[in-house]
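Below is one structure, written out as structure tokens; the observations come after it.
The values are calculated or read from the model by the stated rules, or taken from the named source; none is laboratory data. As the structure is a computational prediction, the values presented were derived from the model and not from experiment. Because the Cβ atoms are built from the backbone with ideal geometry, glycine has one as well, and the counts that use them run over all protein chains shown.
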Amino acid sequence: MGRLARVRHQTYRAAMSNVFTIGYENATVAGFQDALRDAKIDLLVDVRAVASSRRPGFAKTALAANSNAAGAEYLHLRALGTPADGRAAARAGKPEEMKQIFRQQLATDEAQEQLAQVADLVKQGRRLALLCLEADANVCHRSIVAAEVARLTGAKVVNLSAGGDED
């Protein structure tokens, strides 16, 4: 296959790809694993700045094991997480302030490198899901990450819930 044909094939494959998102706010571990299996996710990308959780099964080590049990590798990309002041704004019920703070984080060199890494994985055909806490992707920073990945790859954003697709 010539270079131009490879580029067209890669662009076509990326355009047909999805970038999935999932939140574990209302999920059980079993429901979360079922959602990953049902969507055939092979890579869970944790986009929390701090990969810990008070919810059993969703802190980094347990989450990696639970993801692996569902057939998905685990990758934590801390720079794609919301900084402490953004998390405080979210807890205070100020999602727009949180998003503004997160956009500043996303503009950093480290976050841009990790965003490019996710886009490359999508272009390679990986079925990945971006993970954060909130059940509703619209109030979560992962919607911004997903939109940027979609812009870079032509992929469609699909939001999952513990019970399957929301879209």
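A few remarks follow.
- Between 89, 146, the distinction of being among the small types (Gly, Ala, Ser), closer than 26 Å to residue 64 by Cα, in contact with a helix residue (DSSP H, G or I) (Cβ under 8 Å, 6 or more places away or on another chain) and surrounded by 19 or more Cβ atoms within 10 Å (Cβ to Cβ) belongs to 146 only.
- Residue within the range 149-161 that is touching a helix residue (DSSP H, G or I) at 6+ places or on another chain (Cβ under 6 Å) and at positive phi present: yes
- Counting only helices (runs of 4 or more DSSP H) that fall entirely inside the range 73-167 and contain at least 2 residues that are within 12 Å of the chain's Cα centre (by Cα), the qualifying elements are 109-123, 142-153.
- Note on the range 77-113: among residues that are basic (Lys, Arg) and more than 15 Å from residue 132 (Cβ to Cβ), the one that is modelled with the highest pLDDT is 103.
- Each residue in the range 44-62 was checked for being aliphatic (A, V, I, L, M) and crowded, with 19+ Cβ neighbours inside 10 Å, and 5 of them qualify.
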